[in-house]
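Structure, as structure tokens:
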Amino acid sequence: MFNKEKGQHTDNNFAVVKVDGKTDRLSESIIHFPYSSIDEYLSKMHKYAILSAKEMKEKGRKFRIHNLIFNPFYRFFKKFVLQKGFLDGFNGYILAIFAFYFVFLKYIRLWELFKDEKNSCNRRW
């Protein structure tokens, strides 16, 4: 928890906040519903996938087909099994599927950035 006036998100990553001042942890979990619908959730997911792909490209990451094939499955496994999403039943399953989908989108968007770059170099006017 932090004072919003003293913190800011870093590098388009809304999960990381740089704080100028004191931070503290809550003693209890909070129930947080940041999205009012699945449509809103998926819309944000697409937005963040684009931002993530651009950030990956800026940091020098190249598109590799094996990342597109294996990383989404690993993310599902991590969310559903390692982080015990299965204990949340159907909700945990859906969240693990969304995690899979986000990683898939991120790598498809990265591929798209490289494909567009390659095509723009090969165009003949």
**Equivalent ellipsoid semi-axes - Cα gyration tensor, the chain, angstrom** = 31, 22, 13
**Asked** Put a dot 7 Å past each Cα toward the Cβ at Glu40 and Asp88; how far apart are the dots in nm?
**Response** 1.7
**Asked** Rounded to the nearest 0.05, what FRET efficiency is calculated for Glu28 and Lys54 with R0 set to 35 Å and r the Cβ-Cβ distance?
**Response** 0.45
**Item:** Electrostatic dipole magnitude of the chain [Cβ: Lys, Arg +1; Asp, Glu -1; Cα centre; debye, to 20]
**Value:** 660
**Request:** At most 16 other Cβ atoms within 10 Å and a DSSP loop assignment: could you name the chymotrypsin sites (Phe, Trp or Tyr not before Pro) in region 1-106 that fit?
**Result:** Phe2, Tyr35
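Determine the alpha carbon to alpha carbon distance for each of Lys57/Lys118; Lys4/Lys106; Lys59/Lys106; Lys54/Lys115; Lys47/Lys115 and list only those over 22 Å.
Lys4/Lys106
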**Prompt:** Please identify the GluC sites (Glu not before Pro) of region 3-90 that satisfy two criteria: DSSP loop assignment and at most 10 other Cβ atoms within 10 Å. Which are they?
**Reply:** Glu28
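Bear in mind that the values in this text are calculations on the coordinates, not laboratory data. Source: prediction; values computed, not measured. Backbone-built Cβ (ideal geometry, glycine too); neighbour counts: all protein chains shown.
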